[in-house]
1. Filter the stretch 66-111 for residues that are within 15 Å of the ligand (Cβ to nearest atom), surrounded by 19 or more Cβ atoms within 10 Å (Cβ to Cβ) and within 23 Å of residue 143 (Cβ to Cβ) and give the result.
2. Being surrounded by fewer than 21 Cβ atoms within 10 Å (Cβ to Cβ) and either touching a helix residue (DSSP H, G or I) at 6+ places or on another chain (Cβ under 9 Å) or under 17 Å from residue 28 (Cβ atoms) (or both) is the filter here; which residues of the stretch 47-61 pass it?
3. Scanning for something more than 10 Å from the ligand (Cβ to nearest atom), assigned to a helix (DSSP H, G or I) and more than 22 Å from residue 158 (Cβ to Cβ), does the stretch 43-62 turn up at least one residue?
4. Mind checking which pairs have a first residue in the stretch 62-84 that is over 17 Å from residue 41 (Cα atoms) and a second that is in a strand (DSSP E or B) and more than 9 Å from the ligand (Cβ to nearest atom), Cβ under 7 Å, 6 or more apart or different chains?
5. Out of all the residues in the stretch 158-172, is one or more at positive phi and either surrounded by fewer than 14 Cβ atoms within 10 Å (Cβ to Cβ) or modelled with pLDDT of 95 or more (or both)?
6. Scan the stretch 116-161 for residues that are near the ligand (Cβ under 10 Å from one of its atoms) and without any contact (Cβ under 8 Å) to a residue 24 or more places away in the chain and report the count.
Ligand SMILES: C[S@@+](CC[C@H](N)C(=O)[O-])C[C@H]1O[C@@H](n2cnc3c(N)ncnc32)[C@H](O)[C@@H]1O
């Protein structure tokens with residue numbers, strides 16, 4: 001019995017250290033978007049055609065799993081560096097048999113983004129700055145970007161939806177294709 005408790009303790013310490021490490025190094029925890037934000041992002045994604053959907057920082061899979069089920073004919077790609085969230089979301093992908101979902105354990109700043117209808121993210125201001133630079137310099141074939149809560153600096157949004165929450169949090173839709181073409 002004592003071995004069980006030692007193993008449990010090791011697992012708890014490993015999980016805690018791993019989450020703290022990724023939060024400190026990446027600048028953000030794997031906190032999922034709120035359900036109101038998801039519903040709004042889903043509605044915006046509905047209007048982005050039939051191409052791939054890429055989640056920059058896919059966390060525990062709270063967005064990529066439902067969106068892969070909703071659009072079995074579209075390719076869904078998630079980039080996630082944090083070990084545990086990536087592992088859990090990869091497990092869920094297998095459990096639900098989502099063949100249209102690809103989950104990379106990779107830094108999305110270093111990735112060559114495939115052509116996509118839409119990028120989705122819930123990050124933080126400095127990350128939005130780096131994403132803006134990536135879009136301007138690498139010019140990936142991307143039509144739209146949807147960002148929960150954080151704007152692309154000095155980039156005019158096409159639509160902003162305010163959530164019905166305490167902060168009236170914004171969800172931004174950007175047209176990327178025409179700006180970087
Ligand atoms: C706030 S969570 C959002 C999760 C999910 N997209 C959602 O909306 O529920 C942000 C995630 O981005 C991941 N992340 C941050 N920077 C990253 C990077 N450069 N490469 C890959 N993942 C990153 C973090 O580990 C975290 O899990």
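1. 67, 68, 76, 77, 78, 79, 80, 101, 103, 108
2. If the condition is that a residue be surrounded by fewer than 21 Cβ atoms within 10 Å (Cβ to Cβ) and either touching a helix residue (DSSP H, G or I) at 6+ places or on another chain (Cβ under 9 Å) or under 17 Å from residue 28 (Cβ atoms) (or both), then 60 is the only one that fits.
3. Checked against the condition, which is being more than 10 Å from the ligand (Cβ to nearest atom), assigned to a helix (DSSP H, G or I) and more than 22 Å from residue 158 (Cβ to Cβ), the stretch 43-62 yields no hits at all.
4. Pairs that qualify, where the first residue is over 17 Å from residue 41 (Cα atoms) and the partner is in a strand (DSSP E or B) and more than 9 Å from the ligand (Cβ to nearest atom), are 80/103.
5. yes
6. Result for the stretch 116-161: 1.
The values are calculated or read from the model by the stated rules, or taken from the named source; none is laboratory data. Being a predicted model, the structure only gives us computed values, none of them experimental. Glycine also receives a Cβ, built like all others from the backbone with ideal geometry; neighbour counts cover every protein chain displayed.
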